[in-house]
Amino acid sequence: MKPSPRFLFILTFLGSFFLASPEADSCTSNLNLNVSIPFDTTNLHCLSVWDAQSFILRYAQTSANTWSFILSTPDTNSYIAMGFSVGGGMVGSSAMVGWVASRGASGGIKQYYLGGVTPNQVVPDKGNLQVIDNSTFITLQSSRLFMVFQLETTEPLSSLIFATGSTGLFPAPPSFALTIHLDKVSTRIDYSEANIGSSQGDGNSSQLNGSTSQSADSCGSNLNLSVPLLFDTTNLNCLPVWNAQGYILRYSQTSQNIWSFILSAPNPNSYIAIGFSPNGGMVGSSAIVGWISSNGAGGGMKQYYLTGLTPNQVVPDRGNLKVLTNSTFITSQSSRLYMAFQLQTNQPLSKLIYAFGPNGVFPSAPTFSLTQHQDKVSITLNYATGSSATTGNSYTILKRSHGILNIFGWGILIIMGAIVARYFKEWDPFWFYFHASVQSLGFVLGVTGVISGFVLNNQLRTDVSLHKVLGIIIFVLACLQIMALLGRPKKESKVRKYWNVYHHNMGRILIILAIANIFYGIKLGKEGSGWNIGYGIVLAVLLTMAITFETQQCSRDD
């Protein structure tokens, strides 16, 4: 039986499809390029260096100080890159970047130096690689890119970074600026054994051979950064400054008026900040703020001056800190951020503030405005002894005292006084004196709570505008109730019924606002569900009592 023409057509189509597949290249297949290569390719080592993206690296030591490389990748209609790093990080590495645009119409290959994580810090035609003249080219063949180059070195750096760019975006004259990578992976290679070590990627790639904990850094471990620093790190003082968030500060006095700092923190996918304050408060402090997005796509570091509590009062590129030029950098390593800087000062301010921002929100051009922090802590640091005291404990006591006073004053006693006044009038005059006494005690506790709230706000300088406004309204209503009590008409007075309507309804409004503000205050204070459940139970008991008494009163009226 002869195969039908339709069947033959399908076989031919499928065969041509698989032959042209971008996965056709492998370390088990022969390298057959349609262009001449200036070195022997028969004895090249071959490694699959990025399985998720089908990156294949071939290399050989051609002579005593010449190394030849061929990187083979699927054509993703973007640039491909191979970086050589001191310790595996992007910053400080030098990369060979190649591209072929519009299906072979044009292309190029250049060396780039990664001076930072922003595009303007990635400099074309710069770097530490000694590229041999006329050894570089890139070609498109069978839907794959082949990037060829030779380096003059005794042995290349073993920490390699591979990356792909965004689809359809290529370096172009005159600047040849490089857009942010779409995906990347890091690996370590043993050139003599032709083996690769652990890899860490972002985007769609994953970490191989285990993962590293965010809390891996500690004062008991050595500081091993993948980027060189401008100052000596061997004699840095080290102390944990925010145990709840895993913040570690290293510092030293490098010279008579130069102080060096490295802040290590888990990467929260937001900004991190260290502020220097004259009095422990946020307002008036100057802060160093740094950020790197979780996928490494962008980052930066700036000084901010906190003239107030609102975002427009936090001014970028301003402040009282004399930051040494070219001393600042931030890097992401093992799921942690390391922010380094140097200050020119005889003695830095001892009151420090640490903070981090909301997840996924970063300062960005052109304003670089800073969103309100998600959490913060204040400490006092003794630079000479390397000891610190958290000022947050005294704030916690004051904060909880503020909450307890207001809960008992406005949220419990005032309600109890109202229940007695409504349902126990047959016990005259006991009900009146009890009502007046309980309400007066609730007023005193509530006013004390309001005062403590103003003191707390003055110390913490946090933005609690709505909570403060509600508290002031409750205080004013309570004062009006006290004044109404002093001006209470006699029972036989004609205006007594109007006074009753005013007094009862003002009391009800006060109680409703007090309950709402108490729950809102618990949320602002981040005291957790325990406080909500506790006060909720008290309210449930008071409500049950009120319903029971109301039912009994209705039965008597009937």
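The values are calculated or read from the model by the stated rules, or taken from the named source; none is laboratory data. Since the structure is predicted, the reported quantities are computational estimates derived from the model, not experimental observations. Here the Cβ is made from the backbone with ideal geometry for all residues, glycine too, and neighbour counts use every protein chain on show. Side chains included, ligands, DNA and RNA excluded: accessible areas come from the protein's heavy atoms. Shrake-Rupley method; radii C 1.70, N 1.55, O 1.52, S 1.80 Å.
Per-residue surface analysis assigns Phe454 an accessible area of about 100 Å², computed on protein heavy atoms at 1.4 Å probe radius. Taking all protein chains into account, the per residue accessible area for the chain stands at 51 Å² (1.4 Å probe). The listed residues Arg188, Arg58, once ranked by accessible area (1.4 Å probe) with the largest placed first, stand as Arg188, Arg58.
When Met483, Met301, Met416 are compared by accessible area at a 1.4 angstrom probe, the order from most to least is Met483, Met416, Met301.
Of the whole protein surface, His373 contributes about 40 Å² of accessible area at a 1.4 Å probe radius. With an 8 Å Cα cut-off and a minimum separation of 6 or more residues, compute the relative contact order for the stretch 33-188 in percent. Relative CO of the stretch 33-188 lands at 24 percent. Dipole orientation for the chain: of the candidates Asn312, Pro74, Thr153, Asn312 has the Cα lying most toward the positive pole (charges on Cβ; Lys, Arg +1; Asp, Glu -1).
With +1 assigned to the C-beta of every Lys and Arg and -1 to the C-beta of every Asp and Glu, and no other charges, what is the dipole magnitude of the chain about the Cα centre in debye, to the nearest 20? Magnitude of the dipole: close to 2360 debye. Expressed per residue, the C-alpha convex hull volume of the stretch 431-558 stands at 129 Å³. Among the cysteines of the chain, Cys479, Cys554 have no other cysteine beta carbon within less than 4.7 Å of their own.
Counting protein heavy atoms only, the chain has 57 percent of its accessible area on carbon and sulfur, 1.4 angstrom probe. What the pair-distance distribution of the chain shows, using all Cα-Cα distances binned every 20 Å from zero, is 17, 34, 25, 16, 7, 1 percent. Placing a label point 7 Å from the Cα of Asn257 along the Cα-to-Cβ direction, the residues of the stretch 319-352 whose backbone N falls under 17 Å from that point are 320-325, 342-349. Per residue, the chain reaches -9500 deg cm²/dmol at 222 nm when only DSSP H runs of four or more residues are counted, each adding -39500 (n - 2.57). Stretching Asn312 away from Asn235 to a fully extended chain increases their span by 23.8 nm, per 0.36 nm per residue minus the current alpha-carbon distance.
Extending 7 Å from the Cα toward the beta-carbon at both Glu152 and Asn34 defines two label points whose distance is 3.4 nm. Computed from Cα atoms, the angle from the helix 529-557 axis to the main principal axis of the chain rounds to 40 degrees.
Take the convex hull of the alpha carbons in the stretch 338-457; its mean projected area over all directions comes to 13.0 nm². Rounded to the nearest 10 square angstrom, Trp531 shows an accessible area of 70 square angstrom against a 1.4 Å probe.
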